[in-house]
Amino acid sequence: MKYFLILWVCSAIDGSCITPPIQNPQPFNSHYECVKAGYLAGSQMIQAMGRDVVEKNRIFVPFNCSPAASI
């Protein structure tokens, strides 16, 4: 089964997320591969935004690995 990685950039201050979510166009061959990529992508996004922006806006990056049939 193929999986698609979907990420959201959210703020804990007001409980909102940027829409639409970010979908990785490349499918993954397993849930495991998708989850590994999700944690890596989230970490890279946080680092790219920088400490000040993340702290000020209490940013976090949740993600989901959805089976291809459910997208």
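The values are calculated or read from the model by the stated rules, or taken from the named source; none is laboratory data. Because the structure is a prediction, the values reported are computed rather than measured. All Cβ positions, glycine included, derive from the backbone under ideal geometry; neighbour counts span all protein chains shown. When the accessible area is computed, the model is the full protein with side chains, heavy atoms only, and any ligands, DNA or RNA have been set aside. Shrake-Rupley method; radii C 1.70, N 1.55, O 1.52, S 1.80 Å.
Surface exposure of the chain, expressed per residue as accessible area with a 1.4 Å probe, stands at 68 Å².
Annotation: amide H of Lys2 within the under-5 Å range of Ala68, sequence separation 5 or more or interchain, hydrogens built in the peptide plane.
Computed from point charges on the beta carbon alone (+1 for Lys and Arg, -1 for Asp and Glu), the dipole magnitude for the chain about its Cα centre is near 80 Debye. What the phi angles of the range 48-65 give under the Karplus curve with 6.51, -1.76 and 1.60, with θ = phi - 60°, is a coupling list of 5, 6, x, 4, 4, 5, 5, 5, 4, 9, 6, 6, 9, 10, x, 8, 9, 10 Hz, glycine and proline written as x. Each helix, a run of at least 4 DSSP H residues, gives -39500 (n - 2.57); summed and divided by the residues of the chain, these come to -11500 deg cm²/dmol at 222 nm. Atom-type composition of the exposed protein surface of the chain places 58 percent of the accessible area on carbon and sulfur (1.4 angstrom probe). Could you please report the charge total around Ser66, scoring K, R as +1 and D, E as -1 over all other residues with beta-carbon less than 14 angstrom from its beta-carbon? Residues close to Ser66 contribute a combined charge of 0.
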